[in-house]
Amino acid sequence: MKKNYVVIICLIIIVCVLAIGFAAFSSNLTINGTGRIDSTWDVEIIDITSKNKVGSAYDTVAPIYTSTSATFKTTLILPGDSMTYDVTVKNKGSLDAKVSKITLTDSKNPAIIFETSGINENDLLKAGKTQVFKVIVSYNSDITSQPETLNSSLTVKLDYVQNK
């Protein structure tokens, strides 16, 4: 019988310890403070200029750009024709940016070659800096017969991410 009293008293003590432990850890924790972010993100294409016209090449429509893409519509007449464009990108923000992806979407005309130079994926554009890259549209010299159309359309899309 005494043994039962000892077991009951031990169980009561264990329950009391658990209740006190639960009460101690279930109290509310209040943290007061403020946070502020002063950085800005603003990377965009700010200009396109035609720099080097070779032969009879001309802009079908003046280049059009948004903050992250540039579209070129060029007409080429003869083999050797080409047009070079300078595209200016500026990081107007306070965070360094990195080119995560460059997407070229063209009209798939085999007589026309598109090239970009001066920009690559993973290139860094520091805050406040400007970068100029080239887009070259040229008549494919490997074409042996004149295609029906020598109009081209190219869109270059730039995806930037924050540099870590």
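The values are calculated or read from the model by the stated rules, or taken from the named source; none is laboratory data. If you're wondering where the values come from, they're calculated on a predicted model, not measured in any experiment. So basically every Cβ, Gly included, is an ideal-geometry build from the backbone, and we count neighbours across all protein chains shown. Accessible surface areas use protein heavy atoms only, side chains included; no ligands, DNA or RNA. Shrake-Rupley method; radii C 1.70, N 1.55, O 1.52, S 1.80 Å.
Can you list residue pairs whose Cβ atoms sit under 6 Å apart, with the first residue in segment 34-48 being touching a residue at least 24 places away in the same chain (Cβ under 8 Å) and the second being among the small types (Gly, Ala, Ser) and open to solvent by less than 40 Å² (accessible area, probe 1.4 Å)? Count only pairs 6 or more apart in sequence or on different chains.
Thr40/Gly93; Trp41/Gly93; Asp42/Gly93; Val43/Ala97; Ile45/Ala70; Ile48/Ala70
Among the residues in segment 18-40, are any under 27 Å from Gly118 (Cα atoms) and of a type outside the set (Asp, Glu)? Talk me through it step by step, then tell me what you get.
Residues of segment 18-40 that are under 27 Å from Gly118 (Cα atoms), as a first pass: 40.
Going one step further and asking which of them are of a type outside the set (Asp, Glu), we end up with 40.
Yes, there is a match, as at least one residue in segment 18-40 is under 27 Å from Gly118 (Cα atoms) and of a type outside the set (Asp, Glu).
Find the strands (runs of 3 or more DSSP E) located wholly in segment 1-118 whose residues include 2 or more that are aromatic (Phe, Trp, Tyr), and list them. Spell out the reasoning first.
On the way: elements: 43-54, 58-65, 69-75, 82-91, 97-106, 112-117.
The qualifying strands (runs of 3 or more DSSP E) are 58-65.
Checking the conditions here, which among Ile102, Ile48, Ile77 is over 17 Å from Thr155 (Cβ atoms), surrounded by 13 or more Cβ atoms within 10 Å (Cβ to Cβ) and β-branched (Val, Ile, Thr)?
Values: Ile102 fails: over 17 Å from Thr155 (Cβ atoms); Ile48 fails: over 17 Å from Thr155 (Cβ atoms).
Only one candidate qualifies: Ile77.
Of the conditions (1) under 17 Å from Ile119 (Cα atoms); (2) touching a strand residue (DSSP E or B) at 6+ places or on another chain (Cβ under 6 Å); (3) surrounded by 12 or more Cβ atoms within 10 Å (Cβ to Cβ), Tyr58 clears all except one; give me its number.
Going through the list (1) under 17 Å from Ile119 (Cα atoms); (2) touching a strand residue (DSSP E or B) at 6+ places or on another chain (Cβ under 6 Å); (3) surrounded by 12 or more Cβ atoms within 10 Å (Cβ to Cβ), Tyr58 breaks only (1).
For segment 119-128, which positions are open to solvent by less than 20 Å² (accessible area, probe 1.4 Å) and not in a loop (DSSP other than H, G, I, E, B)?
First, pick out the residues of segment 119-128 that are open to solvent by less than 20 Å² (accessible area, probe 1.4 Å): 119, 125.
Within segment 119-128, just Leu125 meets the criteria.
Inspect all residues belonging to segment 67-74 and state whether any of them is within 21 Å of Asp142 (Cα to Cα) and surrounded by 12 or more Cβ atoms within 10 Å (Cβ to Cβ). Lay out the reasoning, then the answer.
Applying the first criterion (within 21 Å of Asp142 (Cα to Cα)) to segment 67-74 yields 74.
Remaining after also requiring surrounded by 12 or more Cβ atoms within 10 Å (Cβ to Cβ): 74.
Within segment 67-74, one or more residues are within 21 Å of Asp142 (Cα to Cα) and surrounded by 12 or more Cβ atoms within 10 Å (Cβ to Cβ).
Identify, from the list Gln146, Gln162, the residue that is of a type in the set (S, T, N, Q) and under 21 Å from Lys90 (Cβ atoms).
Details: Gln146 fails: under 21 Å from Lys90 (Cβ atoms).
After ruling out the rest, the residue left standing is Gln162.
Go through segment 12-45 residue by residue and tally those that are open to solvent by 90 Å² or more (accessible area, probe 1.4 Å), closer than 30 Å to Val161 by Cβ and either acidic (Asp, Glu) or at pLDDT below 90 (or both).
Within segment 12-45, residues that are open to solvent by 90 Å² or more (accessible area, probe 1.4 Å), closer than 30 Å to Val161 by Cβ and either acidic (Asp, Glu) or at pLDDT below 90 (or both) number 4.
Asp142 is checked against (1) more than 16 Å from Thr71 (Cβ to Cβ); (2) in a strand (DSSP E or B) and fails just one. What number does that condition carry?
(2)
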